[in-house]
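**Q** Sharing a structure with you now.
The values are calculated or read from the model by the stated rules, or taken from the named source; none is laboratory data. Every value quoted in this text rests on a predicted model; they were computed, and no experiment measured them. Cβ placement follows ideal geometry from the backbone for every residue including glycine, while neighbour counts extend to all protein chains displayed. Calculation scope for accessible area: heavy atoms of the full protein, side chains included, ligands and nucleic acids excluded. Shrake-Rupley method; radii C 1.70, N 1.55, O 1.52, S 1.80 Å.
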Amino acid sequence: MTCVGADLSRPGTRTALRYTGALRSLTAEDRKQMLDRASVADSDVCATTSNIIRDVRQRGDRALLELAQRFDGAMIESLEVPSLAREKALNSLEPDVRRAMERSARNIASVHRASLPLAMETEPESGVVIGRRPDPLGRVGVYAPGGRAAYPSSVLMGAIPARVAGVGEVILCSPPDSTGSPASVVLAAAELAGVDRVFAVGGAGAIAAMALGTETVPRVDRIVGPGNAYVAEAKLQLVGAVAIDAPAGPTELLVIADDSANPETVATEMVAQAEHDPLACVVAICVGARVAAQVIESLDLMVATLPRAGIIAQAFACQGAVFSASSIDEAVEFANAYAPEHLLLAVRNPDALLARVRNAGTVFLGGSASVAFGDYMTGANHVLPTGGLARGYSGLSVLDFFRWTTYQRIDRDAASRLARDTRAFALAEGLSAHALAAGRWEAPE
């Protein structure tokens with residue numbers, strides 16, 4: 001889909017929303033495009049990513065050094081960033097930024113500690129004990145993107161839950177800038193989060209290195225963290241070699257607003273997410289045409305004043321929408337079908353509406369619950385499913401850093417009682433050796 005935005009830097013230019021109007025007036029094709037927005041990599045992305053993975057598999061570090069020069073314009077001698085550089089980056093942070101990052105880190109740790117899993121045992125019948133034990137992963141790789149901007153918040157969101165889970169080793173890959181090192185603020189976040197090792201490696205090459213291992217970059221058990229289309233495609237191509245978090249695409253926001261909502265608040269939330277990416281999806285479902293018109297008017301007044309107006313315009317032209325719904329019921333039905341990454345309930349009684357929400361990465365209750373707070377400071381994880389995948393995926397959590405060991409204890413009396421039915425079941429499936437293994441415990445009649 002080609003997206004072209006209006007020149008919003010010119011006074012009087014109206015916001016270039018792709019869709020406006022009542023939900024019931026959407027054509028079948030409009031609705032299909034709104035709901036079916038999962039990122040599908042084009043053939044060039046697939047082929048380029050496949051070639052990069054093959055190169056890293058065959059040539060290891062040499063391939064990574066050449067990729068850094070080719071894609072990042074960086075000539076680097078060592079892929080690993082010294083620990084002293086991370087310490088220096090943290091100590092050189094502006095006091096206000098360090099305070100904010102430390103607060104964010106504390107809240108992330110607090111929220112994720114509350115979600116730690118517990119071992120369990122159950123006895124389905126006498127003498128049979130089944131247990132499940134959560135075991136922290138041995139080594140996890142966190143990816144932090146570069147490019148348009150550095151994202152230290154994503155470093156904290158990926159590394160701190162891993163640390164809370166008790167993962168043995170946490171490594172970070174992030175693209176180098178012209179200095180040959182990841183952005184200083186990313187290094188500071190890595191130090192604050194307790195990352196063990198940092199590598200100046202970006203893009204699909206970083207995913208391949210962590211999934212397969214090279215002479216310098218160790219192989220990991222799971223890779224988490226956002227990235228561009230090549231990063232997402234590399235994760236999918238390597239899913240047979242390494243566990244990954246949910247596939248992720250451009251950021252998304254769906255707002256449900258009734259006549260109690262402040263139109264300027266709704267508009268502000270929409271532009272805040274739209275400035276991330278020209279492909280961001282920003283949608284408001286307003287109960288009543290008057291509320292929808294007020295939101296559009298607020299957008300028209302606001303967007304032209306923002307530094308990233310061009311990016312916001314492209315996002316609105318591609319997947320921007322303000323709809324009017326006839327009722328809250330209609331809005332919730334659409335939201336559950338849309339399954340957004342972020343859902344903001346700017347309504348009178350958001351808690352009552354929350355009970356009816358089934359498909360969303362994370363839900364913000366009330367107009368004061370800005371998505372920006374969740375992006376940085378509340379402690380809830382901002383690594384979330386996009387593209388409608390919230391129908392089946394959840395956001396990143398401490399649970400992603402465990403695997404479960406199941407064990408079974410069966411005493412002799414229980415084995416005797418299980419034997420006959422197990423043997424019958426095995427014979428029904430044509431597995432005579434299974435029947436023999438079970439039958440040897442059967443008590444003689």
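**Q** Using the heavy atoms of the protein chains alone and a 1.4 angstrom probe, what is the accessible area of the chain per residue in square angstrom?
**A** Working: 21070 Å² over 445 residues.
That works out to 47 Å² for each residue.
**Q** What ratio of Cα Rg to 2.2 N^0.38 Å holds for the stretch 314-445?
**A** Values: Rg = 25.9 Å, N = 132, 2.2 N^0.38 = 14.1 Å.
Relative to the 2.2 N^0.38 Å estimate, the stretch 314-445 comes out at 1.84.
**Q** Whose amide H sits under 5 Å from the amide H of THR214, counting only residues 5 or more places off or on another chain, with H placed in the peptide plane?
**A** Here ARG219 satisfy the definition.
**Q** Still on this structure: Whole Å is fine, so just give me how far the alpha carbon centre of the stretch 205-234 lies from that of the stretch 349-386.
**A** Spelled out, the Cα-based centre of one part sits 29 Å from the other.
**Q** Can I ask one more? Could you identify which residue out of ALA243, ALA229, ALA85 has the top mean-square fluctuation in a GNM of the chain using Cα springs shorter than 10 Å?
**A** The residue that fluctuates most here is ALA85.
**Q** Enumerate the calculated ³J(HN,Hα) couplings along the stretch 135-143 in order (Karplus 6.51 cos²θ - 1.76 cosθ + 1.60, θ = phi - 60°), each rounded to whole Hz, writing x wherever the residue is Gly or Pro.
**A** Going residue by residue, I get 10, x, 5, x, 8, 10, x, 10, 9 Hz, with x marking Gly and Pro.
**Q** Charges only on Cβ, +1 for Lys and Arg, -1 for Asp and Glu: so what's the dipole of the chain about the Cα centre, in debye to the nearest 20? Show your work: numbers first, answer last.
**A** Working: 41 positive and 50 negative charges, 89 e Å.
I would put it at about 420 debye.
**Q** Ok, one more. With each run of n ≥ 4 DSSP H residues scored as -39500 (n - 2.57), what mean residue ellipticity at 222 nm is computed for the chain after dividing by its residue count and rounding to the nearest 500 deg cm²/dmol? Please list the in-between numbers first.
**A** On the way: 17 runs with 193 residues, N = 445.
Using -39500 (n - 2.57) per qualifying helix, the result is -13500 deg cm²/dmol.
**Q** Compute the normalised compactness of the stretch 30-75: alpha-carbon radius of gyration over 2.2 N^0.38 Å, N being the residue count.
**A** Values: Rg = 16.0 Å, N = 46, 2.2 N^0.38 = 9.4 Å.
Dividing the Cα Rg of the stretch 30-75 by 2.2 N^0.38 Å gives 1.70.
**Q** With angles folded into 0 to 90 degrees, how steeply does helix 152-165 sit against the dominant principal axis of the chain? Use alpha carbons for both and round to 10.
**A** The helix 152-165 is inclined about 20 degrees to the chain.
**Q** Give a residue-ordered list of calculated ³J(HN,Hα) values for the stretch 264-274 (Karplus: 6.51 cos²θ - 1.76 cosθ + 1.60, θ = phi - 60°; whole Hz; x for Gly, Pro).
**A** Running phi through 6.51 cos²θ - 1.76 cosθ + 1.60 with θ = phi - 60° gives 5, 5, 4, 4, 4, 4, 5, 5, 4, 7, 5 Hz.
**Q** Sticking with this one: Out of (i) 25.3, 80; (ii) 23.0, 69; (iii) 25.5, 93, which label holds the value of Rg and Dmax of the Cα atoms in Å that was computed here?
**A** Only one listed value fits the structure, namely (iii).
**Q** Further, regarding this structure: Want the number for GLU102 to ARG409: 0.36 nm per residue separation, take away the alpha-carbon distance, what's left? Write out the running numbers ahead of the final one.
**A** On the way: separation 307, 0.36 × 307 = 110.52 nm, distance 4.56 nm.
Length gained, GLU102 through ARG409: 106.0 nm.
**Q** Computed over the Cα atoms of the stretch 203-356, what is the convex hull's projected area averaged over all directions, in nm²? Before the final figure, lay out the partial values.
**A** Values: hull surface 44.0 nm².
Its Cα hull, projected and averaged over all orientations, spans 11.0 nm².
**Q** Also: Name the residues whose placed amide hydrogens come within less than 5 Å of the amide hydrogen of PHE364, ignoring near sequence neighbours (fewer than 5 apart) on the same chain.
**A** Here the answer is LEU343, LEU344, LEU345, since their amide H atoms fall under 5 Å of that of PHE364.
**Q** Give a residue-ordered list of calculated ³J(HN,Hα) values for the stretch 175-190 (Karplus: 6.51 cos²θ - 1.76 cosθ + 1.60, θ = phi - 60°; whole Hz; x for Gly, Pro).
**A** So the J values, rounded to whole Hz, are x, x, 8, 5, 7, x, 9, x, 3, 4, 5, 5, 4, 5, 5, 4.
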